[in-house]
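The values are calculated or read from the model by the stated rules, or taken from the named source; none is laboratory data. Predicted model only: the values in this text are computed from it and were never measured. Positions of Cβ are backbone-derived with ideal geometry, glycine not excepted, and every protein chain shown enters the neighbour counts. We work out accessible area using only protein heavy atoms, side chains counted, and drop any ligands, DNA or RNA first. Shrake-Rupley method; radii C 1.70, N 1.55, O 1.52, S 1.80 Å.
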Amino acid sequence: MTEGITTELSKELQQAIAALETNSNLEEVGVVVRVGDGVAWIHGLRGAGYSEVLNIETDHGVVEAFALNLLEDEIGAVLLGEDSLVKAGQTVRLKGTVLDVPVGPELLGRVVDPLGRPLDGGPAIKTKQRGLVEREAVGVMGRKSVHEPLMTGIVAIDAMFPIGRGQRELIIGDRQTGKTALAIDTMINQAKQKTGVVNVYVAIGQKLSKIARLVDRLKQEGVMDQTIIVATGPSDPASLLYLAPYAATAMGEYFRDNSQHALMIYDDLTKHAVAYRQMSLLLRRPPGREAYPGDVFYLHSRLLERSAKLSDELGAGSLTALPIIETQAGDISAYIPTNVISITDGQIFLETDLFNQGIRPAISAGLSVSRVGGAAQTGAVKSVSGNLKLGLSQFRELASFAQFGSDLDDSTKHQIERGQRLTELLKQSQYQPLSIWEQVASISAVINGQFDHVPADKVKDAQAALLTKLWADHKTEMQELDKGGKPADEMKTLLAKTATATAKGFEG
Amino acid sequence: MARRMSRRALAHYAANGIVKGDKTVLRKLAAYLIENQRTKEASLIVRDIEHVLSDRGVVVGTVTSAFPLDAKALDAIKESVIGTTKAERVTLSNQVNTDLIGGYVLTVPGREQDASVRRALTLLRTRVKKV
């Protein structure tokens, strides 16, 4: 080990000596005029480009920064390292590149910072390629419409708001409503169903303890091998929080561009906007609504536009995005939530009231929508989930009227009872995503009335019994159903018969 | 309220005066800076003026070395500056700074050639940190 380090050092020293002998160019230089709060103001460097990396030579080595404000007299640069090392008068040079990060399969299973440096105590990451942090999104001709499903394993989502590969589906809700849990379950499902989708989880200003718990859980579930975690904590400089989603997207794009499928989870973009607001105010950019800068919409639109389903000519890879937004008191009409809602292809809205009633995932059937996922829904799930969303929305409305205790007609009563069973069915424990056949069998039993005589509080037990029986007695048929094709009539009859038989044991 | 004049605009104004041989231009500039309470920017404006002058073929630079350089070495450096900047007039002064350990640092407006041992060690330190 020591020998390796010595060899490396010796090589570095030789290179430095070689550089000393050959450095005969006049390089453009600037000087730090003032510094503070993670921002350095630099005089000179007239040739600097937007977002170009600058090297500030401090007494303790080079500190990197990137130029964000190119003014007539000076440059405002955001520091990527410790600002305490940077002092006025220090020399600044152009690195000659814009920001890039290591990309490739070598990153799988690792926890890294937005510059690709390992945070998990593992060995240095040596990748063959680097990807640009800021990159233009794929053009119109390079895209294909979303048509392949990205199964989350969560019945409520896969049945009512299906997500397709290449889609951007926002997860939005107040704090403590299970936003991250949905994202984690989706990641776990990719490993459980062996979909081959690579997960890239971006923690933006998340508590480090939360990230550590997440990594442990992903390792337990065997998902970490196909996951990259880009982590930034609350104590990291705003510049790193700002860069995190862009850097992670560059890592995800590697898989997209190599005909693979990747899933991006941005947790969360509210903190990202706040970090950008901090940087912008320190850079003296004019504040707008809620003190956010004028380009806060572009901040997220250019990020999420990079998620796409590529055309066959470009390899047919995909990058799906699940951005997360935290609302205050359920207000989805605030500035950042409305921005991201309008950018994405739908949203899953989580309600505090539902969460507190024990309905978890606390997905609001009325406010959630998937604008493009319908085309990507598997035939199997589509065959049973036709009026699920409408039925559930109507039930929730009727249920609130029913609370007044007035006499209800039979049809309304029936609708409410089925809605109650459906609500119970859609409750799902964390870390337990369901496969396609499990979803189809469960929904079909309630929708087609086989569970009509099962009391609502026993629906989950009946569901578990049904799934166990089906897997035990009809494994081959269930494996066939799991492929996602529209079930044949024989399959429907089999499901109905087994459900009716199972329900008998639970009737009240 | 009058619009704040940029440093670059001031530098162009001063450089024009210097090139034309206007001996009052620097006094006018000083008066402007005092009146507008911008005297703290004086050193930056000087750098800007040097920069504008260098764009017009007049380069004033410094060679800092760990040991005094002889005339032959200075001439060689001057030639290389003329070659690189295509300047008509180059004036170089030599300063000694033992902190450089070895090699030299050539500074001309807006540009620098740091061929010192100190910088090589700084870069080495940064690389070792990354490893």
> Out of A:Ala191, A:Ala181, which single residue is out of contact with any strand residue (DSSP E or B) (no Cβ under 9 Å at 6 or more places or on another chain) and not in a loop (DSSP other than H, G, I, E, B)?
Replying inline: A:Ala181
> Taking into account only those residues within the stretch B:12-59 that are open to solvent by less than 50 Å² (accessible area, probe 1.4 Å) and either in contact (Cβ under 8 Å) with a residue 60 or more places away in the chain or more than 24 Å from B:Val108 (Cα to Cα) (or both), which is nearest to the other protein chains (Cβ to nearest Cβ)?
Replying inline: B:Arg38
> Only one of (1) more than 30 Å from A:Ile75 (Cβ to Cβ); (2) out of contact with any Asp or Glu (no Cβ under 6 Å at 6 or more places or on another chain) is not met by A:Thr352, so which one is it?
Replying inline: (2)
> Just for the stretch B:78-96: of the residues that are among the polar types (S, T, N, Q) and part of a helix (DSSP H, G or I), which one is nearest to the other protein chains (Cβ to nearest Cβ)?
Replying inline: B:Thr84
>> Can you pull out every residue in the stretch B:66-114 that is in contact with a Ser or Thr (Cβ under 6 Å, 6 or more places away or on another chain) and not hydroxyl-bearing (Ser, Thr, Tyr)?
In response: B:Ala66, B:Gln95, B:Asn97, B:Leu100, B:Gly103, B:Val105, B:Pro109
>> Being of a type in the set (Val, Ile, Thr), open to solvent by less than 70 Å² (accessible area, probe 1.4 Å), within 15 Å of A:Ala496 (Cα to Cα) and in a loop (DSSP other than H, G, I, E, B) is the requirement here; does A:Val454 meet it?
In response: yes
> So, of the residues in the stretch A:45-60 that are charged (D, E, K, R) and open to solvent by 50 Å² or more (accessible area, probe 1.4 Å), which turns out to be farthest from B:Leu123 (Cα to Cα)?
Replying inline: A:Arg46
> Taking helices (runs of 4 or more DSSP H) that fall entirely within the stretch A:292-365, which contain at least 2 residues that are open to solvent by less than 30 Å² (accessible area, probe 1.4 Å)?
Replying inline: A:296-304, A:335-343
>> Given the criterion more than 13 Å from chain A (Cβ to nearest Cβ), open to solvent by 60 Å² or more (accessible area, probe 1.4 Å) and either in contact (Cβ under 8 Å) with a residue 60 or more places away in the chain or over 16 Å from the mean Cα position of the chain (by Cα) (or both), identify the matching residue among B:Asp99, B:Asp75.
In response: B:Asp75
> Which is in contact with a Ser or Thr (Cβ under 9 Å, 6 or more places away or on another chain), farther than 16 Å from A:Ile265 by Cα and surrounded by fewer than 24 Cβ atoms within 10 Å (Cβ to Cβ), of A:Leu208, A:Leu214?
Replying inline: A:Leu208
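A quick yes/no check of all residues on (1) more than 20 Å from the chain's Cα centre (by Cα); (2) closer than 19 Å to A:Ala203 by Cβ; (3) not charged (D, E, K, R):
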position	(1), (2), (3)
A:Gly96	yes, no, yes
A:Pro118	yes, yes, yes
A:Lys128	yes, no, no
A:Ile157	no, no, yes
>> Among (1) touching a helix residue (DSSP H, G or I) at 6+ places or on another chain (Cβ under 7 Å); (2) open to solvent by less than 10 Å² (accessible area, probe 1.4 Å); (3) over 20 Å from A:Leu319 (Cβ atoms), there is one condition A:Leu283 misses while meeting the rest; what is its number?
In response: (1)
